[in-house]
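> My structure is below; once you've seen it, I'll send some questions.
The values are calculated or read from the model by the stated rules, or taken from the named source; none is laboratory data. Please read these numbers as outputs of a predicted model, since none were measured by experiment. All Cβ positions, even for glycine, are placed from backbone atoms using ideal geometry, and neighbour counts span all protein chains on display.
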Amino acid sequence: MLDLFNLAGRTALVTGANTGLGQGIALALAAAGADIVVAGRSPADDTAAQVRALGRRFLDVRADLSSTAPVRDVVAAAVNLNGRLDIVVNNAGIIRRADSVDVDEADWDAVIDTNLKSVFFLSQAAARHMAAHGGGKIVNIASLLSFQGGIRVPAYAASKSAIAGLTRALANEWAAQGINVNAIAPGYFDTNNTAALRADPVREPAILARIPAGRWGQPGDLAGAAVFLASRASDYVHGVVLPVDGGWLAR
Ligand SMILES: NC(=O)c1ccc[n+]([C@@H]2O[C@H](COP(=O)([O-])OP(=O)(O)OC[C@H]3O[C@@H](n4cnc5c(N)ncnc54)[C@H](OP(=O)(O)O)[C@@H]3O)[C@@H](O)[C@H]2O)c1
C-alpha cells in the first residue's frame with residue numbers, strides 16, 4: 001500500500017521553494033523519493049542542502065514568475081534534469097494588503113499575474129510535456145480565500161478563487177491524458193506571507209481563536225496532502241481543492 005505514495009524516480013518542479021510552504025512541499029516530495037527542481041527569484045540554498053541531504057538530485061532555476069516570460073524555460077530546465085517532468089507544484093505567490101478603495105492597478109496586476117496568469121501558462125507548458133509522456137500531476141496552491149472573501153486582500157481573493165476554477169477547468173481537459181490537476185488550500189500558516197497578520201495584536205488572536213486545531217499551521221503540515229496529490233495514490237482524484245486548515249472551514 002505505501003508504495004502508492006512512493007515518488008522514487010519522479011522529478012518534481014516546485015515554484016517559490018526557497019522558504020515557507022514551497023520549501024515544506026519540496027522537502028516532503030524529496031522525502032518521498034522525488035528529485036526536485038525549484039524555480040524562483042531568490043536562491044534556494046537552504047532547500048538545496050536539505051534535499052541533497054535526503055539523497056535526491058536538486059536544481060535551482062532563477063525565474064521571476066510575475067510575468068509569463070520564463071515559464072517555458074523553467075519547464076525545459078526541469079525536464080532536462082532527468083529527461084522527464086512528473087510533478088508540478090504551483091506554489092509561488094504574493095499578497096498585497098490594502099483597503100479595496102485604495103488598491104492601485106500595479107498591485108492588482110502583480111498579484112493576478114503572479115498568482116494566476118503564470119500558474120496557467122506554466123501548467124500549460126508542463127501539460128504539453130506530460131501529455132506526451134504518459135501523464136503527470138499538477139498541484140496548485142490555493143487558499144482559504146478560494147472559498148472566502150478575506151479582509152483587505154481583494155486581488156489575492158480574486159486570484160485564489162480563480163485558482164479553484166482553473167484547477168477544475170484544467171482537470172476536466174487533461175484527466176483523459178493521465179494528468180491530475182488538483183489544489184491544496186492551506187489555512188493560516190506561519191510563513192512570510194502571514195507575518196503582518198501574526199504581528200497584528202488584534203488579528204492574530206482572532207485568527208487563532210477561530211482555528212479548531214488551536215494553532216497556526218507549519219509548512220510540514222502540508223506534507224501528507226502534497227505527497228498524496230503528487231503520487232499514484234491520487235490517480236483517480238481530479239479537480240479537488242483540498243483544505244489543510246486545522247478545521248477553519250468546518251467552523
Ligand atoms: N502562509 C499562509 O498562511 C498561506 C495560506 C494560503 C495560501 N498560501 C499560499 O502559499 C503559497 C506560498 O506562500 P508562503 O506562505 O510560503 O509565503 P512566502 O514565504 O512569502 O513564500 C512565497 C514564495 O513565492 C516566491 N515568489 C513570490 N513572488 C515570486 C515571483 N514573482 N517569482 C518567483 N517566485 C516568487 C517567493 O520567493 P521570493 O519572494 O524570494 O521571490 C517565495 O518563495 C502562496 O501561493 C500563498 O499565496 C499561503
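> Scanning the range 159-169 for residues that are touching a helix residue (DSSP H, G or I) at 6+ places or on another chain (Cβ under 7 Å) and not basic (K, R), which turns out nearest to A98 (Cα to Cα)?
Within the range 159-169, the match that is nearest to A98 (Cα to Cα) is S159.
> Six or more apart or on different chains, Cβ under 9 Å: which pairs go from a residue in the range 116-134 that's assigned to a helix (DSSP H, G or I) to one that's loosely packed, with under 15 Cβ neighbours inside 10 Å and among the hydroxyl-bearing types (S, T, Y)? Could you list them?
K117/S67; S118/S67
> Continuing with this model, one more query. Just one of (1) buried (at least 16 other Cβ atoms within 10 Å of the Cβ); (2) within 19 Å of I151 (Cβ to Cβ); (3) modelled with pLDDT of 95 or more trips up L208, so point out which.
Among (1) buried (at least 16 other Cβ atoms within 10 Å of the Cβ); (2) within 19 Å of I151 (Cβ to Cβ); (3) modelled with pLDDT of 95 or more, the lone unmet condition for L208 is (1).
> Starting from the range 181-200, keep only residues that are within 8 Å of the ligand (Cβ to nearest atom), then list their pairs with residues that are of a type outside the set (G, A, S) and part of a strand (DSSP E or B) whose Cβ atoms are within a distance under 6 Å, requiring at least 6 positions of separation or different chains.
A185/V241; A185/P243; P186/V244
> Then there's this: With respect to A213, determine if the residue is modelled with pLDDT under 95, loosely packed, with under 14 Cβ neighbours inside 10 Å and in contact with a helix residue (DSSP H, G or I) (Cβ under 9 Å, 6 or more places away or on another chain).
no
> Scanning the range 163-180 for residues that are surrounded by fewer than 19 Cβ atoms within 10 Å (Cβ to Cβ) and touching a residue at least 40 places away in the same chain (Cβ under 8 Å), which turns out farthest from W248 (Cα to Cα)?
Q177
> Could you please find all residues in the range 92-106 being away from the ligand (no atom under 12 Å from the Cβ) and surrounded by fewer than 17 Cβ atoms within 10 Å (Cβ to Cβ)?
Listed by number, the residues that qualify are R97, A98, D99, S100, V101, D102, D104, E105, A106.
> Follow-up question, since we're still on this one. Across the range 80-91, what is the total count of residues that are away from the ligand (no atom under 14 Å from the Cβ), under 24 Å from F228 (Cβ atoms) and outside any strand (DSSP E or B)?
Counting residues in the range 80-91 that are away from the ligand (no atom under 14 Å from the Cβ), under 24 Å from F228 (Cβ atoms) and outside any strand (DSSP E or B) gives 5.
> Let me ask something else about it. Considering (1) in a loop (DSSP other than H, G, I, E, B); (2) surrounded by 23 or more Cβ atoms within 10 Å (Cβ to Cβ); (3) of a type in the set (A, V, I, L, M), say which one A69 fails and leave the rest.
Among (1) in a loop (DSSP other than H, G, I, E, B); (2) surrounded by 23 or more Cβ atoms within 10 Å (Cβ to Cβ); (3) of a type in the set (A, V, I, L, M), A69 violates only (2).
> Also, quick follow-up: Based on what the data block shows, is S146 in contact (Cβ under 8 Å) with a residue 24 or more places away in the chain and closer than 25 Å to W248 by Cβ?
So S146 fits the description; yes.
> Which pairs turn up if I take residues in the range 211-226 that are more than 15 Å from W248 (Cβ to Cβ) and look for partners that are part of a helix (DSSP H, G or I) and away from the ligand (no atom under 12 Å from the Cβ) with beta carbon separation below 6 Å, at least 6 apart in sequence or on another chain?
Going by the 6 Å Cβ cut-off, the qualifying pairs are A223/A28; A226/A28.
> Further question: Give the residues of the range 5-27 that are part of a loop (DSSP other than H, G, I, E, B), surrounded by 23 or more Cβ atoms within 10 Å (Cβ to Cβ) and either within 16 Å of the ligand (Cβ to nearest atom) or among the small types (G, A, S) (or both), sorted by residue number.
G16, A17
> So which residues in the range 135-163 are part of a strand (DSSP E or B) and of a type in the set (S, T, N, Q), if there are any at all?
Of everything in the range 135-163, just one residue is part of a strand (DSSP E or B) and of a type in the set (S, T, N, Q), namely N140.
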